[in-house]
Amino acid sequence: MNGIYTIVLLIVSNVFMTFAWYGHLKLQQMKVLSENTPLYVVILLSWLLALAEYSCQVPANRYGYVGNGGEFNLMQLKVIQEVISLMVFTGFTVVFFNSETFHWNHFAAFVCLILAVYFVFMD
């Protein structure tokens, strides 16, 4: 069960991370934030989201790590996190930024990620 909790927490964590890093750009497009919004306000908003992200990321790594009774070694945890991060980012980009499109080379990159997961779990 730790493996499932780890994956779910990593997904939630990456949703928060993606919004913390890129959500302000969408808020600017939507005119919720203006170009004149002070950078420190944007940083503080991002930090609040990053706190939620860390509140999921740290337990995900703790529960998932084999040294704590989890199912994954450190290399596996990192590759899983990166794959989830790119999948969440791609979904975020396609859904929230209509000017961005998904191309064949993005698909090819995902195939490479799948291969990375395969290789990192090989004995």
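Over 19 Å from the mean Cα position of the chain (by Cα), buried (at least 18 other Cβ atoms within 10 Å of the Cβ) and not polar (S, T, N, Q): is that true of Gly70 in this structure? The answer is yes for Gly70.
Looking across Val15, Val32, Val41, Val8, one residue alone is closer than 20 Å to Ile80 by Cβ and over 11 Å from the mean Cα position of the chain (by Cα). It is Val8. Among the residues of the stretch 62-86, those that are part of a helix (DSSP H, G or I), under 14 Å from Ile7 (Cβ atoms), touching a residue at least 40 places away in the same chain (Cβ under 8 Å) and not β-branched (Val, Ile, Thr) comprise Tyr63, Gly64, Gln76, Leu77, Gln81, Ser85.
Number of residues in the stretch 25-49 that are part of a helix (DSSP H, G or I) and under 16 Å from Glu100 (Cβ atoms): the value is 4.
Here's the yes/no breakdown for (1) more than 22 Å from Thr18 (Cβ to Cβ); (2) touching a helix residue (DSSP H, G or I) at 6+ places or on another chain (Cβ under 7 Å); (3) surrounded by 12 or more Cβ atoms within 10 Å (Cβ to Cβ):
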{"position": "Leu33", "(1), (2), (3)": "no, yes, yes"}
{"position": "Thr37", "(1), (2), (3)": "no, no, yes"}
{"position": "Ser46", "(1), (2), (3)": "no, yes, yes"}
{"position": "Cys56", "(1), (2), (3)": "no, yes, yes"}
{"position": "Tyr63", "(1), (2), (3)": "no, yes, yes"}
{"position": "Ile80", "(1), (2), (3)": "no, yes, yes"}
{"position": "His103", "(1), (2), (3)": "no, no, no"}
{"position": "Tyr118", "(1), (2), (3)": "yes, no, no"}
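Residue count for the stretch 1-20, restricted to those that are of a type in the set (Ser, Thr, Tyr) and either surrounded by fewer than 17 Cβ atoms within 10 Å (Cβ to Cβ) or not in a helix (DSSP H, G or I) (or both): 1. When the stretch 17-53 is filtered for residues that are among the charged types (D, E, K, R) and modelled with pLDDT of 90 or more, only Glu53 remains. Within the stretch 93-102, not a single residue is touching a Leu at 6+ places or on another chain (Cβ under 6 Å) and part of a helix (DSSP H, G or I).
Please verify whether the stretch 95-102 includes one or more residues that are out of contact with any Gly (no Cβ under 6 Å at 6 or more places or on another chain), of a type outside the set (Val, Ile, Thr) and under 22 Å from Ser13 (Cβ atoms). Yes, the stretch 95-102 contains a residue that is out of contact with any Gly (no Cβ under 6 Å at 6 or more places or on another chain), of a type outside the set (Val, Ile, Thr) and under 22 Å from Ser13 (Cβ atoms).
The values are calculated or read from the model by the stated rules, or taken from the named source; none is laboratory data. Predicted model, so just to flag it, every value in this text is computed and none were measured. Note that we place each Cβ from the backbone using ideal geometry, even for glycine, and neighbour counts take in every protein chain shown.
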